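First comes the structure, then the notes that go with it.
Any read-out appearing in this document is the output of simple, stated calculations on the displayed coordinates, not a laboratory observation. Bear in mind that the values here come from a model prediction, so they are computed numbers and not experimental data. Counting neighbours? That spans all protein chains shown, and the Cβs are built from the backbone with ideal geometry, glycine included.
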Amino acid sequence: MIANFYLASGSDSVMFLILPMVGSVMLAYAIFNLVRDLRRTEHHKLMERLEGKAKGMKDVSFQSLLRKGDQERVVNPLEAVVRQFAVVSKLQRVLDQGNLPWSAARTLVNLVGLGILTMLGCILLGKGTLLGIGIGAAVVLLPLFYFVKRRARRLNKLVMQLPDVFELMGQALSAGHSLASSIHLIAEQMPDPARTEFARVFHEQNLGLKIEDALMNMGNRVDMLDVRFFVTAVLISRSTGGDLREVLDKISSVIRQRIELFGQVRTLTAEGRMSGYVLFALPIVVFCGALFLNPDYASVLLTDPRGKLLLFVAGAMQLMGLAMIRYIINIKV
């Protein structure tokens, strides 16, 4: 009992020494964070203003002007090596047009690393080399396919918005608004993606960039013929004069006619698209049906090495056929 008393007393004395030390360290860390935050208050305000988060900017969806700097910042040497490839710049354009604030080099490195880990995991689990390669390639290619689809969907939505954008801008100019004020009106009234793109133009010129340069940046960023028509018309009007409202009305009319013609072309090519989808899905459905009705007959393609090779080649040829059909029916308007 006496031994237990001395043991308890010893533990209490140790805690009595440790607790003040821990408290002192935590207090010093809290003071350090407080001083650092106070010093960085002005820096935070500037960052929020550049990112469009400052007070008075909440009504307009501004895109961060610091995105490009974040994308170009290199975290490790591997990203610096990957950045030298031409495909990285193309992927960066796809990400920008899809409104994804990611670095192309970092995204590509992460996808390839994840694909390699997935492939090695399949091989170590005894799933086969070909299956591991296929799953690893899918891990890399499926996100890239999603990026391309997201970009196409966003650009198509922007094209559909352009006639309304130009009409609203023309009405604002007729009411006596300046070009910058009409762009600000687009950023306030229109939904995304027109809201985001024109808000960035207004934000850039509001921070000191010439409005002509901001519009040219939008044309290069979006890289669409209709947007380049608009930018060219604005530049000519500001340099030589003229009725910009009339030009915008004509551009809006032309875009509406192109959208109508594109709808007619899609109607006429619907049969070709459906044929491509049916031809792509039919072998898969037949194979799944054979695997369900006669497993011993169809499972050879999954168990035998030659069957796996044939299945891989057949899948690649199916994708090539689908791509060729889509290329044939993709009529430019």
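Which whole-number percent is the relative contact order of segment 67-152 (Cα, under 8 Å, 6+ apart)? Mind dumping the intermediate values first?
Values: 72 pairs, mean separation 24.6, N = 86.
So the answer I get is 29 percent.
Which entries of Lys90/Lys250; Lys210/Lys250; Lys149/Lys210; Lys157/Lys210 have Cα-Cα distances beyond 30 Å here? Can you show the working numbers first?
Values: Lys90/Lys250 33 Å; Lys210/Lys250 25 Å; Lys149/Lys210 33 Å; Lys157/Lys210 27 Å.
Beyond 30 Å: Lys90/Lys250; Lys149/Lys210.
Find which of Tyr146, Gly128, Gln189 sits farthest along the positive direction of the dipole of segment 114-194, computed with +1 on the beta-carbon of Lys and Arg, -1 on that of Asp and Glu, about the Cα centre.
Gly128
Can you sort Leu124, Leu131, Leu95 by how many other beta carbons sit within 10 Å, fewest first?
On the way: Leu124 9, Leu131 17, Leu95 20.
Going from least to most buried by this count: Leu124, Leu131, Leu95.
Computed from the mean reciprocal separation of all distinct C-alpha pairs, what Kirkwood hydrodynamic radius does segment 269-329 have, in Å?
Hydrodynamic radius (Kirkwood, Cα only) of segment 269-329 equals 12.7 Å.
For segment 96-101, take each phi angle, set θ = phi - 60°, evaluate the Karplus expression 6.51 cos²θ - 1.76 cosθ + 1.60, and give the result in whole Hz per residue in order, putting x for glycine and proline.
Going residue by residue, I get 5, 6, x, 6, 10, x Hz, with x marking Gly and Pro.
By counting other Cβ atoms within 10 Å of each Cβ, how are His203, His184 ranked from fewest to most? Spell out each step's value before the answer.
Numbers: His203 25, His184 21.
Sorted ascending by nearby Cβ count, the order is His184, His203.
What number comes out for the charge environment of Arg154, summing +1 per Lys or Arg and -1 per Asp or Glu over other residues with Cβ under 15 Å away?
On the way: positive: Arg93, Lys149, Arg150, Arg151, Arg153, Lys157, Arg195, Arg200, Arg221; negative: Asp96, Asp192, Glu197, Asp223, Asp226.
Value of the local net charge: +4.
If each residue's Cβ is checked for other Cβ atoms within 10 Å, how do Phe147, Phe198, Phe230 rank with the fewest at the top? Please report the intermediate quantities before stating the final value.
On the way: Phe147 19, Phe198 26, Phe230 23.
By the 10 Å Cβ count, ascending: Phe147, Phe230, Phe198.
Taking amide H atoms as placed 1.01 Å from N in the peptide plane, list the residues 5 or more away in sequence, or in a different chain, whose amide H sits under 5 Å from that of His177.
HN-HN under 5 Å from His177: empty list.
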